[in-house]
Amino acid sequence: MTTTLIRNLAFALTVDGDDRVIRDAAVLVEGERIAAVGPSAEVEAAHPPDTVDEVLDGRRLGIVPGFVDAHVHLSETLSRAVFPDNLGTRAWVFHWAKPFYAHVGPEDERISVLLGTTEMLRCGTTCFLDMGSQHDAGITVQAAAEVGIRGATGRHAADVKPAEIPRGWTDEMVDHHFFPNAQAALEVLEDQVRRWDGYADGRIRCWVNIEGKEPCSPELHVGARALAERLGVGTTYHLATSIEEARVSERKYGLWPIERIDSLGGLGSNLVIAHGAAVKESEIPLLARNDTKVAFCPSTSLKLAKGATAIGKYPELRAGGVTVGLGTDGVSAAGNMNLMRQLYLVAGLFKDARLDANQIGAREALRMATIDGARALGRDGEIGSLEPGKRADFVLFDLDHFEWTPYDDPLQALVWSVSPASIAQTWVDGRPLYRDGRVVTVDEAALRVEARERAADIVRRAGLDRAAIPVTTTLYD
């Protein structure tokens, strides 16, 4: 087992139970885990440098836990800057995303996952929760394992087709995405979990993920969570994503989306709700009582007008005991896979919207991007903070970078001043996967060339380069 001592770090933001900030810190890595973290003098006294395999000088470095992306679409990475920015959520999904997905083949998807996960590592993200493959979970699982990142994924599934199939949807996509009923979908999803969960020595998990919302029946919503519980994994799906979705649900069922799922007995501790923008005060106790988690995607809310600042209850959710992690969503919804941008946004959106500087700030934002995201994924016992016994997933920042010159409080600097531009290294499982300006497990130059070619071909085949594509929708109304 290789041991590495990183000593004389300018600071360590531990995000432990006390949110300790350690100056002149040291971290000892033994194999895949953190063996010690504390002041350099204390760590070196217990673990003298001449007894370890490698000693790194952290004199102009700072360390934070790896970021956890609680909601992402890795199969969407080739769609960057393709969809216009005057779309609401439902038109975005039905008239733009679905046609794009319909023309993403298995090899396109593999390249998409490789591209997305390398971007994540460059941005300090060490673990993700992906909504699922458009084909087979094994594509995402194996590609992510190749890059070396940690994460969870699944396979796309729905069981309620729209009354009219929109332009751009292919028969093959419809047949693959929409099962004849919930039971048929759950049988395939169970097979995916049994085949792929625990891949790469447990670094990659496979969940019982479904699309959620209108394309999924009540039986599939409830059944996915129940199946996940039986298999010992999690489930995630889109719910309460916009006021339009909430109004459709209220008109059809007399209940808002979260109320409806709760009335069916579908909430639970292994469920992560993606977005959760349209939540009523009365629904917060329902989520808290069932320990259901929420993944908030600030950039997507801004781009698709989901209403985080107008109707969002994210501060109230946190105050009510609901775990809220941060997600980047897909690159066409949010524009990037930069979780540090979400960190910055969530620390400021509600201060400004509520005219209250005491709303979510830097400390809470960092927790949402790390330990709360880990808790949402059921992995807070192994990642999300810098503590002995946890996996060695962390980010080292170059403090000679202009973003850090000068600074006093490292937490304030991290959230308000800093971007991925000053990341020096990103480690997962005790390995520096991003260092010296490159992801070491992938030929990034060749990957980018192929990604550009495949993206252009998908857009052409999907017809998304034409003007006459709807920007509103009446599907599922």
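The values are calculated or read from the model by the stated rules, or taken from the named source; none is laboratory data. None of the values given here were measured: they were computed from a predicted structure. So basically every Cβ, Gly included, is an ideal-geometry build from the backbone, and we count neighbours across all protein chains shown.
Can you tell me which residue in the range 253-270 is farthest from Arg375 (Cα to Cα), limited to those that are assigned to a helix (DSSP H, G or I) and out of contact with any Ser or Thr (no Cβ under 8 Å at 6 or more places or on another chain)?
Out of the qualifying residues, it is Tyr253.
Looking for something part of a loop (DSSP other than H, G, I, E, B) and in contact with a helix residue (DSSP H, G or I) (Cβ under 9 Å, 6 or more places away or on another chain) - is there at least one such residue anywhere in the range 87-102?
Within the range 87-102, one or more residues are part of a loop (DSSP other than H, G, I, E, B) and in contact with a helix residue (DSSP H, G or I) (Cβ under 9 Å, 6 or more places away or on another chain).
Filter the range 346-365 down to the residues that are part of a loop (DSSP other than H, G, I, E, B) and closer than 17 Å to Asp409 by Cα and list them by number.
Within the range 346-365, Ala347, Gly361 qualify.
Exactly one of (1) of a type outside the set (Lys, Arg); (2) touching a residue at least 40 places away in the same chain (Cβ under 8 Å); (3) part of a strand (DSSP E or B) is unmet by Ala81. Its number?
Every condition holds for Ala81 apart from (3).
So, Arg460, is that one of a type in the set (Lys, Arg) and touching a residue at least 12 places away in the same chain (Cβ under 8 Å) or not?
For Arg460, the condition - of a type in the set (Lys, Arg) and touching a residue at least 12 places away in the same chain (Cβ under 8 Å) - is not met.
Determine whether Asp372 is assigned to a helix (DSSP H, G or I), surrounded by 18 or more Cβ atoms within 10 Å (Cβ to Cβ), in contact (Cβ under 8 Å) with a residue 12 or more places away in the chain and acidic (Asp, Glu).
Against the criterion (assigned to a helix (DSSP H, G or I), surrounded by 18 or more Cβ atoms within 10 Å (Cβ to Cβ), in contact (Cβ under 8 Å) with a residue 12 or more places away in the chain and acidic (Asp, Glu)), Asp372 qualifies.
What about Glu164, is it at pLDDT below 95 and assigned to a loop (DSSP other than H, G, I, E, B)?
Criteria met by Glu164.
Does the range 207-226 hold any residues that are β-branched (Val, Ile, Thr) and surrounded by fewer than 24 Cβ atoms within 10 Å (Cβ to Cβ), and which are they?
Val222
Only one of Arg431, Arg391 is in the same structural domain as Leu13 (by TED's automatic domain parsing), within 28 Å of Asp108 (Cα to Cα) and buried (at least 16 other Cβ atoms within 10 Å of the Cβ). Can you tell me which?
Arg431
Quick one: would you say Arg59 is touching a residue at least 40 places away in the same chain (Cβ under 8 Å), of a type outside the set (Asp, Glu) and either outside the structural domain of Asp329 (by TED's automatic domain parsing) or over 22 Å from Asp429 (Cα atoms) (or both)?
So Arg59 fits the description; yes.
Could you say which residue among Val279, Val324 is within 19 Å of Gly348 (Cβ to Cβ), assigned by TED's automatic domain parsing to the domain that holds Thr89, among the β-branched types (Val, Ile, Thr) and crowded, with 24+ Cβ neighbours inside 10 Å?
Val324
Quick one: is Ala46 without any contact (Cβ under 8 Å) to a residue 12 or more places away in the chain, more than 22 Å from the chain's Cα centre (by Cα) and not assigned by TED's automatic domain parsing to the domain that holds Asp372?
So Ala46 fits the description; yes.
State which residue pairs qualify: first residue in contact (Cβ under 8 Å) with a residue 12 or more places away in the chain and inside the range 116-129, second residue among the small types (Gly, Ala, Ser) and surrounded by 24 or more Cβ atoms within 10 Å (Cβ to Cβ) in any location, beta carbons under 6 Å apart, and separation of 6 or more residues or different chains.
Thr117/Ala144; Thr126/Gly66; Cys127/Gly151; Phe128/Gly151; Leu129/Ala70; Leu129/Ala152
If we keep just the residues of the range 132-150 that are assigned to a loop (DSSP other than H, G, I, E, B) and under 16 Å from Gly202 (Cα atoms), which is nearest to the chain's Cα centre (by Cα)?
The residue in question is Ile149.
Checking Pro215 against (1) in contact with a strand residue (DSSP E or B) (Cβ under 7 Å, 6 or more places away or on another chain); (2) without any contact (Cβ under 8 Å) to a residue 40 or more places away in the chain; (3) in a loop (DSSP other than H, G, I, E, B): exactly one of these is not met. Which one?
Failing condition for Pro215: (2).
If you go through the range 324-335, how many residues are on the phi > 0 side of the Ramachandran plot and out of contact with any Cys (no Cβ under 8 Å at 6 or more places or on another chain)?
Adding up the residues that qualify gives 1.
Quick one: in the range 389-418, which of the residues that are in contact with a Lys or Arg (Cβ under 8 Å, 6 or more places away or on another chain) and not basic (Lys, Arg) is nearest to Met120 (Cα to Cα)?
Here the answer is Asp393.
Taking the residues in the range 184-206 that are without any contact (Cβ under 8 Å) to a residue 60 or more places away in the chain and assigned to a loop (DSSP other than H, G, I, E, B) as candidates, determine which candidate is surrounded by the most Cβ atoms within 10 Å (Cβ to Cβ).
Asp197
Within the range 420-449, count every residue that is β-branched (Val, Ile, Thr), under 18 Å from Ala145 (Cα atoms) and outside any strand (DSSP E or B).
Within the range 420-449, residues that are β-branched (Val, Ile, Thr), under 18 Å from Ala145 (Cα atoms) and outside any strand (DSSP E or B) number 3.
Is it the case that some residue within the range 380-396 is farther than 22 Å from Tyr434 by Cα, in a loop (DSSP other than H, G, I, E, B) and under 20 Å from the mean Cα position of the chain (by Cα)?
Yes, the range 380-396 contains a residue that is farther than 22 Å from Tyr434 by Cα, in a loop (DSSP other than H, G, I, E, B) and under 20 Å from the mean Cα position of the chain (by Cα).
When you go through Leu355, Leu377, Leu399, Leu345 one by one, which is the residue that is in contact with a Leu (Cβ under 6 Å, 6 or more places away or on another chain) and aliphatic (A, V, I, L, M)?
Leu377
Name every residue in the range 261-282 that is over 23 Å from the mean Cα position of the chain (by Cα) and without any contact (Cβ under 8 Å) to a residue 40 or more places away in the chain, in order of residue number.
If the condition is that a residue be over 23 Å from the mean Cα position of the chain (by Cα) and without any contact (Cβ under 8 Å) to a residue 40 or more places away in the chain, then Asp262, Ser263, Lys280, Glu281, Ser282 are the ones that fit.
Considering each of Ile311, Ile273 in turn, give the residue that is in contact with a strand residue (DSSP E or B) (Cβ under 7 Å, 6 or more places away or on another chain), outside any helix (DSSP H, G or I) and among the β-branched types (Val, Ile, Thr).
On inspection, the qualifying residue turns out to be Ile273.
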